[in-house]
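Enquirer: Provided herewith is a single structure, encoded as structure tokens, for subsequent inquiry.
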Amino acid sequence: MSAVTTFPVEPDLVEGYRRCAELTRRHGTTYYWGAAILPKERRRHVHAVYALCRLADDIVDAPGATDPGQVAATEQALADFQAAFLRAVEEGTSPDPVLAAVGRTVRETRIDPECFERFFGAMAQDLTTTTYDTWEDLLGYMEGSAAVIGEMMLPVLEPSSASAKEPARALGNAFQLTNFLRDVAEDLDRGRVYIPQEDLERFGADPARRRADASWRALMAFEVERNRGLYAEADRGLALLPDASRRCVGTARRLYAGILDRIEDAGYDVFGERVVVPTWRKAALAGAALGVTAAGALRTSPSSAGRGASATGTAGRGAGGASHEAPPRIPIALKPMPRRDQLEPSWQHAKPARIRAALDVALARDPGGWYTVGPSTALGSTSITRCVAGREVVLWRTSTGVAAGPGSCPHLGALLTDCEVFGDKLHCRWHGLALAPEGHPGWPAYAAHDDGVLLWVRVPTPGETPSDLPRITARPPLARSVAAVVELPGTCEPRDIIANRLDPWHGSWFHPYAFSHLEVDESASDDEVLTVDVTFRLSRRWGVPVRAEFACPDARTIVMTITEGEGAGSVVETHATPIGPGPDGRPRTMMVEATIAHSDRPGFKAARAVSSLLQPAMRHTARRLWVDDMVYAERSWLLRARGESYGI
């Protein structure tokens, strides 16, 4: 296959490609996240092809476009759009910035012009054809609406062989059929039915009833399996793509196939809320393909990977069977989740005495008076205040680092939040009293530290010997990592947060959406270190197996370090900072968790370049876990407060 000829992008085309990217981000998020893996010069071509198809589709899907009195006008609008596109390709420019960008893409990538003839023909067919009698009839329509899109993308993806054409066409058809199955209700609203009439008759199903009855569920189960067959055909072409293209297509394929999982999860009811894979979920999977596969980036909810054949055409054995690994360059393994009724209970392994022994070791480790108070990004050019162990604390940035002190101004007690800093001195908002980093009469300074991910403050704490710096477990190099921090308060004490993490056995049962195949390696564990083999879930069939260690550097911190597998060296630090009693007198603790993801994969550099897009997904997954785990921690405190002992 010929390589893409890349020319410099003139300033007037930059706006066109920006609009193409925005169209893709808003309307084709699966393509957007898949394309994020490609180098920038090829990514813009994916956006351009999608934008062209989207704009044409919008013409034929506009409200009233197929009304008898409006069809002729819609046909003319489509023809005018096609003519404008062809002029942009021929002349190399257009007054429409989007078409100018699309024209440049077609010229640079040398997409066969005949592809666009078939595409616009299918768009015109949508104005006059509302049903399809047979599967073959539907395939005829999909030739121009779907299969041809796969052909258009091939020059952008740069396969090593012309044999990639048929798998690319199959993938286009697979995506299209997934859309048809998901959008039954929307298509009905437009007067169209894309499920073959012969299938509806065979199963006695009628979409017009808009009810997921037994006949409808049987029909949809059949169509879903047909759809997975198309994905399996498409998988044969992945090996013919270069690395970035293979990861791009593989990510889009798993995201789209994940819609089928969600249709099944909904009992095949596609008449209510639209079935989607959430954007944060797409970001997480794109991150995995780029190499962001530390726990925080992969602890995602179901379901995005397809259930059919693997991306390499390898079949799985089901729960409890052998793990069939994807190619070495892909960190994902086919490890189906066990059914709930087949999941082995873990209570016999989660011995209270064992958890308590590890907790006692942790509680004996002196934190040196240091407390985590939030992410480094929380502190900008003005001050912030936090509550630590019942006292208000203010932090601000100086020319040499971070300074801290009591949260009340020594003049009249004003809260020192959002105060300006001049010459390293904090100025109270009420009267402008300047407070130096070294302190002020009646206002002692506190030691503070910014480790690049988290902010720390040291305050006098009974029973703790002040240390110069907080005890920070070894981290991967921050300049080559992606970090995200999440905070969640709870009615409990720090020990309850730590005890939760010292019970890894609850993971597969309490968080089945995030973990499976979890085993504690007793031979490599003791009261100071727990060694765990676990699979972070991508979907019900796909996961990322790793080996990790849990250890407590001090009484208010527990760290999970990935020691083997994808993302080795990545860490998830869980910190527990006592806030103080709430209005009801009960203790409040802030859980602060930092995920620092790292990988030696070449694609991880690209992941770091889009870290701002991946961090929301990392925070979402961590927060979801802690919403569940905070219930565990709060219950532990409540039982202890009531005098009920379960050994911990």
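Enquirer: Given the peptides 498-511, 221-234, 631-644, 192-205, arrange them by the average over their residues of other C-beta atoms within 10 Å, most packed first.
Expert: 498-511, 221-234, 192-205, 631-644
Enquirer: Hey, what does the equivalent ellipsoid look like for region 330-398, semi-axes from the Cα gyration tensor as sqrt of 5 times each eigenvalue, largest first, whole Å?
Expert: In descending order the semi-axes read 40, 24, 12 Å.
Enquirer: A further question on this structure: Starting from the Cα gyration tensor of region 497-632, multiply each eigenvalue by 5, take the square root, and state the resulting semi-axes largest first in whole Å.
Expert: Gyration-tensor ellipsoid for region 497-632: 25, 20, 15 Å.
Enquirer: For n ≥ 4 DSSP H runs only, could you compute -39500 (n - 2.57) per run for the chain, divide by its residues and tell me the 222 nm figure to the nearest 500?
Expert: Theoretical 222 nm ellipticity from helices: -13000 deg cm²/dmol.
Enquirer: Of the listed peptides 595-601, 439-445, what is their order by residue-averaged count of other C-beta atoms within 10 Å, with the highest listed first?
Expert: 595-601, 439-445
Enquirer: Further, regarding this structure: Rounded to the nearest 10 degrees, what's the angle between the helix 611-641 long axis and the longest principal axis of the chain, both from Cα atoms, 0 to 90?
Expert: 50 degrees
Enquirer: By the 4.7 Å beta carbon criterion, which cysteine residues of the chain come out unpaired?
Expert: So, CYS20, CYS53, CYS115, CYS248, CYS387, CYS419, CYS492, CYS552.
Enquirer: Specify the angular offset, from 0 to 90 degrees and rounded to the nearest 10, of the alpha carbon long axis of helix 214-235 from the longest principal axis of the alpha carbons in the chain.
Expert: 90 degrees
Enquirer: Explain nothing, just the number: dipole magnitude of the chain about its Cα centre with +1 on each Lys and Arg Cβ and -1 on each Asp and Glu Cβ, in debye rounded to the nearest 20.
Expert: 1240 debye
Enquirer: Moving on to the next point. Heavy atoms only, probe 1.4 Å: what % of the accessible area of the chain goes to carbon and sulfur, would you let me know?
Expert: 52 percent
Enquirer: Quick one: which residues, 5+ away or cross-chain, put their amide H under 5 Å from the amide H of VAL388? H built at 1.01 Å from N.
Expert: HN-HN under 5 Å from VAL388: VAL393.
Enquirer: A follow-up question, please. Quick one: which residues, 5+ away or cross-chain, put their amide H under 5 Å from the amide H of SER570? H built at 1.01 Å from N.
Expert: Answer set, sorted by chain and number: ILE562, HIS598.
Enquirer: Using a 1.4 Å probe and ignoring any ligands, DNA or RNA, find the accessible area of CYS409 and quote it in Å² to the nearest 10.
Expert: About 10 Å², rounded to the nearest 10.
Enquirer: On to the next question. Within a Cβ distance under 13 Å of CYS53, other residues only, what is the Lys/Arg minus Asp/Glu net charge?
Expert: -3
Enquirer: Name the residue farthest towards the positive end of the dipole of region 368-470 from the options GLY405, ILE384, GLY432, assuming +1 on Cβ of Lys and Arg, -1 on Cβ of Asp and Glu, about the Cα centre.
Expert: Projecting each Cα onto the dipole axis, the largest value belongs to GLY432.
Enquirer: Give the shape of region 104-149 as rounded, prolate or oblate, defined through the alpha-carbon gyration tensor: a ≥ b ≥ c are the square roots of its eigenvalues, a/c under 1.5 means rounded, and otherwise the shape is prolate if a/b is larger than b/c and oblate if not.
Expert: prolate
Enquirer: Ranking request for peptides 103-115, 82-94: highest mean number of other beta-carbon atoms within 10 Å first, then the rest in descending order. Show your work: numbers first, answer last.
Expert: On the way: 103-115: 19.4, 82-94: 16.2.
Order by mean packing, descending: 103-115, 82-94.
Enquirer: How high is the relative contact order of the chain, in percent, counting Cα pairs under 8 Å that sit 6 or more residues apart?
Expert: Relative CO of the chain lands at 13 percent.
Enquirer: Calculate, for the chain, the solvent-accessible area per residue in square angstrom, rolling a 1.4 angstrom probe over the heavy atoms of the protein chains.
Expert: 41 Å²
Enquirer: Here's a follow-up. Using alpha carbons only, how many degrees (0 to 90, rounded to 10) separate the axis of helix 352-363 from the longest principal axis of the chain?
Expert: Long axis of 352-363 versus the principal axis of the chain: about 70 degrees.
Enquirer: Report Rg(Cα)/(2.2 N^0.38 Å) for region 1-157, keeping two decimals.
Expert: The value comes to 1.05.
Enquirer: Of all the Cα-Cα pairs you can form in region 368-470, what percent are over 18 Å apart?
Expert: Value for region 368-470: 41 percent of Cα pairs lie more than 18 Å apart.
Enquirer: Find the lysine pairs in the chain meeting two conditions, Cα atoms under 22 Å apart and a separation of 8 or more places or different chains, and report how many there are. Provide the component values of the computation, followed by the final result.
Expert: Numbers: LYS40/LYS282; LYS40/LYS605; LYS282/LYS335; LYS282/LYS605.
Close lysine pairs found across the chain: 4.
The values are calculated or read from the model by the stated rules, or taken from the named source; none is laboratory data. All values reported here derive from a predicted model rather than from experimental measurement. Using ideal geometry, Cβ is built from the backbone for each residue, glycine included, and neighbour counts are taken over all protein chains shown. Keep in mind that these areas ignore ligands, DNA and RNA; they rest on the heavy atoms of the full protein, side chains included. Shrake-Rupley method; radii C 1.70, N 1.55, O 1.52, S 1.80 Å.
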